[in-house]
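Structure, as structure tokens:
Each reported figure results from applying straightforward, stated rules to the coordinates on display, with no laboratory input. Since we're looking at a predicted model, the values are computed, not measured. Here the Cβ positions follow ideal geometry from the backbone for every residue, glycine too, while neighbour counts run over all protein chains shown.
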Amino acid sequence: MLVEDHKIRKIIKKNYGFAGIPFIEIERTRQDAKITLHTARPGLIIGRKGSEVDKLKEEIKNF
């Protein structure tokens, strides 16, 4: 799981580094993972009508 967490952080930092993300929390249960991004510019990550959030979810699911 540690390697997966590192890959998730790497994807987020690479694609959304411009949004000022100093801290990424990853909480895991048996089946799910909850990822919390602490960001200075949340509007850049959310996008219009949440489209960027959906895109980020798909990227993380597909890795």
For the chain, with the dipole built from +1 on Lys and Arg beta-carbon atoms and -1 on Asp and Glu ones, taken about the Cα centre, which of Ser51, Gln31, Ile8 lies farthest toward the positive end? Ser51
Helix 2-16 sits off the longest principal axis of the Cα atoms of the chain, rounded to the nearest 10 on a 0 to 90 degree scale, by 10 degrees
Under 20 Å from the Cα of Lys14, which aspartates and glutamates turn up, not counting those fewer than eight places away in the same chain? Glu4, Asp5, Glu25, Glu52, Asp54, Glu58, Glu59
State log₁₀ I(q)/I(0) for the chain at q = 0.16, 0.25, 0.30 Å⁻¹ as given by the Debye formula over alpha-carbon point scatterers of equal weight, solvent excluded. -0.51, -1.23, -1.54
Helix 51-62 sits at what angle to the longest principal axis of the chain, using alpha carbons and giving 0 to 90 degrees rounded to 10? 20 degrees
Could you work out [θ]222 nm for the chain from helices alone, using -39500 (n - 2.57) per DSSP H run of at least four and dividing by all its residues? Round to the nearest 500 deg cm²/dmol. -15000 deg cm²/dmol
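Where nothing but the Cβ of Lys and Arg (+1) and of Asp and Glu (-1) is charged, how large is the charge dipole of the chain around its Cα centre, in debye to the nearest 20? Before the final figure, lay out each step's value.
Working: 14 positive and 9 negative charges, 29 e Å.
Here the chain has a charge dipole of around 140 debye.
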